[in-house]
Amino acid sequence: MEFLINQNLAYVLSVTAVMLAITSFLFPRSILPKIGTALFVGAAGFEFSRLQPNAWALLILVLSPFPYFVAAGQAAQRRQLLIITVAMLFFGSVFLFVDENGSPAIHMGLLFVVTIFCSYFILVVTEAKLKARGSHRGINPDSYIGLVGKAITDIDDVGLVEIEGETCSARSDQPIPVGSPVRVLKYEGRMLVVKKVEKLTGK
């Protein structure tokens, strides 16, 4: 089993976990990306327990999906946020393991192939999907009013909600914990105004 403990495999597992996390956010109704994320996070964690990754690079890699999550909720700076996601994913993964000279220890050919694939997926595939989501109700944003969804981040003044499979920026007068059902009250200032619903059938 020792042959399975190597830096290149750890690199692939960790990047795949990040990409699956992004995919699960992009397709919230599908359970397979969520299961895949958990499995690959566990496998990468096992590799890291046997190897010595750079702590700062690992932190950047772990945080790399967050600009993407923000980009999913607003269109104004979406392209820039997606580029930041790609940059964080690249630098975090490239320097995940280094040699005694501080140079990347990951196979350069593998780095090239994985980076090209991830960049294409994030900047082309997911951006197109996010634009399609935005245009679905963009013509009449008031069509959200009355719909019930779920808070996918803590809403402390502002946050993100999922409404019928679409991720939207939202705000609330009262703090709403992540996972809570919410109802859309109105659309105001390019943002949904929501309130917590105690029960999905309640008010």
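Please treat every number below as a calculation from the coordinates, not as lab data. If you're wondering where the values come from, they're calculated on a predicted model, not measured in any experiment. Every residue, glycine among them, receives a Cβ derived from its backbone with ideal geometry; neighbour counts consider all protein chains shown.
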Label-reachable residues, segment 51-75, where backbone N falls under 17 Å from a point 7 Å from Ala87's Cα toward its Cβ: 57, 60-71
Kyte-Doolittle mean at least -1.0, axial Cα span of 20 Å or more - DSSP H helices of the chain: 7-26, 32-50, 78-94
Cα gyration tensor category, rounded, prolate or oblate, for segment 1-91 with a/c compared to 1.5: oblate
Cβ-Cβ FRET estimate between Gln77 and Leu147, R0 fixed at 25 Å, reported to 0.05: 0.45
Pairwise Lys count, the chain - Cα closer than 29 Å, eight or more residues apart or different chains: 24
Alpha-carbon centroids, segment 1-66 and segment 146-203: separation in whole Å: 30 Å
For Val86, Val124, order by how many other beta-carbon atoms lie within 10 Å, fewest first: Val124, Val86
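Counting other beta carbons within 10 Å of each Cβ, put Ser24, Ser64, Ser49 in order, fewest first. Each step should come with its number before you reach the end.
Details: Ser24 20, Ser64 26, Ser49 8.
The most exposed by this proxy come first: Ser49, Ser24, Ser64.
How high is the relative contact order of the chain, in percent, counting Cα pairs under 8 Å that sit 6 or more residues apart? Could you put the intermediate results ahead of the total?
Values: 301 pairs, mean separation 29.5, N = 203.
Over the chain, the number comes to 15 percent.
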Computed [θ] at 222 nm, helices only, for the chain once each DSSP H run of length n ≥ 4 contributes -39500 (n - 2.57): -16000 deg cm²/dmol
Top of Gly189, Gly146, Gly165 by mean-square fluctuation, Gaussian network on the chain, Cα under 10 Å: Gly189
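From the square roots a ≥ b ≥ c of the eigenvalues of the alpha-carbon gyration tensor of the chain, which class results: rounded (a/c under 1.5), prolate (a/b over b/c), or oblate?
On the way: a/c = 2.63, a/b = 2.08, b/c = 1.26.
Judged from the Cα gyration tensor, the chain comes out prolate (a/c at least 1.5, a/b above b/c).
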